[in-house]
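Read the structure below first, then the notes.
The values are calculated or read from the model by the stated rules, or taken from the named source; none is laboratory data. Because the structure is predicted, anything quoted here is derived from the model rather than measured. So basically every Cβ, Gly included, is an ideal-geometry build from the backbone, and we count neighbours across all protein chains shown. Surface accessibility is based on the protein's heavy atoms, side chains included, excluding ligands, DNA and RNA. Shrake-Rupley method; radii C 1.70, N 1.55, O 1.52, S 1.80 Å.
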Amino acid sequence: MFTWCFCFAITILIIVLELTEFYNRIPISWEDFTSAFAMLATLMLFTTSIMYPAVYLHEGCSGFHCGNLGGATTTSILCFFAYAVEVGLTRAKPGEISGFLSTIPGLLKVFQAYVACIIFSLLPGVYRYPGLQWCVAVYSICFIITTLIIILTIGRLLPRLPLSFEKVLIGYNILSVAMYITVAVIWPYYWFKDYPSRPSVCEAVCFWDNVLGITFLTYINLIAYVVDLVYSAKMVFFVTSS
């Protein structure tokens, strides 16, 4: 419900601001904001379109109530495709003048932050080993810095920094890849050496499932940071047409 209401409200707000051209008075990078929101909405609706039917339709249903559930699921999937198409249409092409969040590295930043949020929602509350504490620290540090980059980009504050943004970004991506590699090894090692398989006493909501989910999400984010590093090293983010 939060995803559907959030995406609806922000989309209506964007439409109103563009129709009235009031967005020109807002001191933010409008292109970066709309690109980041489209990517975020795509990810949120993708997750929701899987979670909603998995919870409400996994045991089957019938009648009018089932029609409502199926209609909500179908509409959510259609919304996901609509936002995904928008991301594809607004993504910066080589040779175009565009904001950072319209490029592949920029979109990956939104993806990395979102995956980190899902990881936080699955984290267990007890960590007996320092290695697991290091993993949580890596998740937190990378999430904070990635979110900060997104905020600074939307707020048009990057030009005010006394540093080369491209060089800082590449250095941060290298550091993130290195830290995530350690997490990709340490996290499953400490958890699965004590619990190599799902405990038989686990109920429907089980910490082992969360740990397994975090492991896969860690690998996904590691791949995202590697791809981000490759693109950041290859491309120039703001290019003027020749």
Inset, instruction - Whole Å is fine, so just give me how far the alpha carbon centre of segment 109-123 lies from that of segment 135-163. - result: 15 Å
Legend entry - P(r) tail fraction, the chain - alpha-carbon pairs more than 29 Å apart, %: 40 percent
Legend entry - Carbon + sulfur, % of accessible area of the chain - ligands and nucleic acids excluded, 1.4 Å: 72 percent
Inset, instruction - May I ask for the equivalent-ellipsoid semi-axes of segment 19-142, computed as the square root of five times each C-alpha gyration tensor eigenvalue and listed largest first in whole Å? - result: 30, 28, 12
Inset, instruction - Before anything else, pin down the relative contact order of the chain: Cα pairs under 8 Å, at least 6 apart, normalised by residue count, whole percent. - result: 27 percent
Legend entry - Per-residue [θ]222 nm for the chain (sum of -39500 (n - 2.57) over DSSP H runs n ≥ 4, rounded to 500): -26000 deg cm²/dmol
Inset, instruction - Give, rounded to the nearest 20 debye, the magnitude of the charge dipole that the chain has about its Cα centre when Lys and Arg contribute +1 at Cβ and Asp and Glu contribute -1 at Cβ. - result: 520 debye
Legend entry - Environment charge of I15, counting only residues whose C-beta is closer than 15 Å and scoring Lys/Arg +1, Asp/Glu -1: -3
